[in-house]
Amino acid sequence: MGKTFLPRLPFAGGLLLLAAAAHLAVEQDRPAAVAAAPDIALQTLATGVGPITSIAQAGDSRLFLTLQTGRIVFYSRGQIQPGAFLDLTALVSCCIERGLLSVAFHPQYAANGFFFVDYTNTAGNTVIARYRISSSDPNSADPASGRILLTIAQPFSNHNGGQLQFGPDGYLYVGMGDGGSANDPMCNAQRDDTLLGKILRIDVNQNVDASPFYGIPPSNPFAASGSPLDKVWAKGLRNPWRFSFDRMTGDLYIGDVGQDLREEIDFQSRASAGGENYGWKIMEGTLCGAGDGSGCPAGTPACNSPSFKYPIYEYNHAGAGNCTGSLIGGYVYRGLSNPQLFGEYFYGDYCFGWLFGNGQLLTPNVPQLTTFGEDVSGELYLGTQDGKLYRLVSAAATPTPTATRLLGPLVGARPRPIPRVTRVPS
């Protein structure tokens, strides 16, 4: 497989053992999945686009694609439109796990023209910046309008996170990886003095015209604690490469890339007041993490502490070599074109191209899968490192000339089953 992009740096290879009996007992307490796996197909919309890292919409029919090398392009009227909506190539450090990683359009984009990007700068650090649409061209951004909200130092080159999403509350959520290396050597995900290994939540409607160009929502769980903790919404994450909000319920689904043993999907109800701890590096999914508690501050909870929130879905790594699993978080399908898929949470795996629906392995396979996206109508899309853009459709839908059933999972590589892993009650 190519290495121009990896949502995680893989480490140990080979098939891994199932969890210890004590952890399996925890899993067996969960309700079993009963719904049949959905029968889906993928419609090819574009090829040769470049390494796609995110897919977003701005409240209209266009699909905006961030390319890891630094450009934002858009798909409209059946094709990728020529030129770039915004070109940040000169500001971006690429590639492997660095680059232009995400874009999110302000909920009032039609009125204010604001959108936000997450990229790795030439010093290797994460930058969250705001740009504005051009005053003369609605299909082009003003490169001189850039305002930097946050610059977050990265101690290593991997685990940059990079997802930006506006929540149903109108706040901007930012996914930050643990800073990289292996097993979070500084225990950043459990520390309160760093933004690494967290999901952040900021109010971009405060300080619009003056630095820092954002404010702290008073309802943030640690708002009274001061910087940097006041920006933190959730902690204990290794590399939340892609996360999303269910547009119907407002619930948050987090795809957290694992280390050597498990890939996991975490869940947060819209009713949550924030402050969840998803366990890394003390936990890897429902297992005790191999990094133990080394480097962690006093008071860090022990493995299996009830203060940790367990994933709703997880799977074992599989296969051999240097890429044994790398989860790509997705979306709950809320479109109208494929009613058979309504309410299904779709996600996948970069290393093997697997697709999952509500924890069940599906037939289509998408090699080099890097991201999912959602259009203004709730239809779902997939992007790949080698520049392919797909639309997810029901196999029962009327076929079109470009609709194809892709090959099944790679021969000899399948996720190890974990008994009755479905949703953990909130």
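The values are calculated or read from the model by the stated rules, or taken from the named source; none is laboratory data. The structure displayed is predicted, hence computed values, not measured ones. So basically every Cβ, Gly included, is an ideal-geometry build from the backbone, and we count neighbours across all protein chains shown. Accessible surface areas use protein heavy atoms only, side chains included; no ligands, DNA or RNA. Shrake-Rupley method; radii C 1.70, N 1.55, O 1.52, S 1.80 Å.
With respect to residue 172, determine if the residue is of a type outside the set (Phe, Trp, Tyr), touching a residue at least 40 places away in the same chain (Cβ under 8 Å), open to solvent by 10 Å² or more (accessible area, probe 1.4 Å) and within 21 Å of residue 127 (Cβ to Cβ). No; evaluated as a whole, the condition is false for this residue. No other residue among 330, 378, 335 is closer than 18 Å to residue 256 by Cα, open to solvent by less than 30 Å² (accessible area, probe 1.4 Å), small (Gly, Ala, Ser) and touching a Leu at 6+ places or on another chain (Cβ under 9 Å) apart from 330.
Out of all the residues in the range 89-96, is one or more closer than 23 Å to residue 214 by Cβ and assigned to a helix (DSSP H, G or I)? Within the range 89-96, one or more residues are closer than 23 Å to residue 214 by Cβ and assigned to a helix (DSSP H, G or I). The combined condition, being on the phi < 0 side of the Ramachandran plot and either modelled with pLDDT of 95 or more or open to solvent by 10 Å² or more (accessible area, probe 1.4 Å) (or both), is not fulfilled by residue 275.
One residue alone among 398, 404 is modelled with pLDDT under 90, open to solvent by 50 Å² or more (accessible area, probe 1.4 Å), among the hydroxyl-bearing types (Ser, Thr, Tyr) and in contact with a Leu (Cβ under 7 Å, 6 or more places away or on another chain), and that residue is 404. Among all positions in the range 343-366, there is at least one residue which is in contact with a Pro (Cβ under 8 Å, 6 or more places away or on another chain), within 13 Å of residue 331 (Cα to Cα) and open to solvent by 10 Å² or more (accessible area, probe 1.4 Å). Scoring residue 149 on the criteria (1) part of a loop (DSSP other than H, G, I, E, B); (2) modelled with pLDDT of 95 or more leaves a single failure, condition (1).
Within the range 199-211, can one find any residue that is within 13 Å of the chain's Cα centre (by Cα), under 27 Å from residue 380 (Cα atoms) and open to solvent by less than 30 Å² (accessible area, probe 1.4 Å)?
Yes; the residues of the range 199-211 include at least one that is within 13 Å of the chain's Cα centre (by Cα), under 27 Å from residue 380 (Cα atoms) and open to solvent by less than 30 Å² (accessible area, probe 1.4 Å).
Each residue in the range 263-290 was checked for being over 15 Å from residue 232 (Cβ atoms) and not in a strand (DSSP E or B), and 10 of them qualify. Looking at 31, 51, 7, just one residue is modelled with pLDDT under 95 and buried (at least 19 other Cβ atoms within 10 Å of the Cβ), and that residue is 7.
Inside the range 224-242, can you point out the residues that are open to solvent by 10 Å² or more (accessible area, probe 1.4 Å) and either in contact with a Gly (Cβ under 8 Å, 6 or more places away or on another chain) or of a type in the set (Gly, Ala, Ser) (or both)?
The answer is 224, 225, 226, 227, 233, 235.
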